[in-house]
Amino acid sequence: MEWNHHQKESCSAILPGSLPLLLPEKEVYQLVIVDDEPRILNGLCKYYDWHQMGFEISGRFRNGKEVLDHMKNHPVDVILSDISMPVMDGISLAKNLYEQNSPVILVFLSGYAEFKYARQALTYKVYEYILKPIKAEELHSVFRRISELLNQSGNHSDTGNYYDKLIQKAR
């Protein structure tokens, strides 16, 4: 088996005088959640079993600018974001990711069923547009599809590149 730095590895057995046996674990994708309403942000983080769906929450933020700042030093695979937020809204975040040709998958949450938001979401290649109040079945369905897409495409945050950047900073 060829070693792939995108897969998480674990040592399952270490025998004296031997090298550790590395076995791949299940893929876990990095998810950040963005919403300016603390009650919704906390609920999204605590209510859903993200790990069972193949995701680990690597950050929670109140606006798009905080997410972009986080992404400078941390790998991210998927962003679940509100649209209407102060400082930088979800549309501006989507536009920024689109202009950077980012492989990050963006899912919008919104209390607005307005066509202008949906049209802008399509323009910036947003993966899904979920209306609030959020239905658990819909959220699970969307994230199962995203996990399958990431598994098939091998499009995983470049953690190797991320760690290379950290080593460069340390030198």
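Just so you know, all these numbers are worked out from the coordinates, no wet-lab data involved. Computed from a predicted structure; not experimentally measured. All Cβ positions, even for glycine, are placed from backbone atoms using ideal geometry, and neighbour counts span all protein chains on display.
Full extension of the segment from residue 100 to residue 87, taken as 0.36 nm per residue of separation minus the current Cα-Cα distance, would add 2.7 nm. For the range 25-81, the set of GluC sites (Glu not before Pro) satisfying both a DSSP loop assignment and a count of at most 16 other C-beta atoms within 10 Å is given as 25, 27. Couplings 3J(HN,Hα) for the range 131-141, derived from phi with the Karplus relation 6.51 cos²θ - 1.76 cosθ + 1.60 (θ = phi - 60°), are 8, 7, x, 6, 9, 3, 4, 5, 4, 4, 4 Hz, where x marks Gly and Pro. Cross-link check: pairs 46/135; 65/135; 72/116; 46/116; 65/95; 46/72 evaluated at a Cα-Cα cut-off of 22 Å; pairs beyond the cut-off: 65/135; 72/116; 46/116; 46/72.
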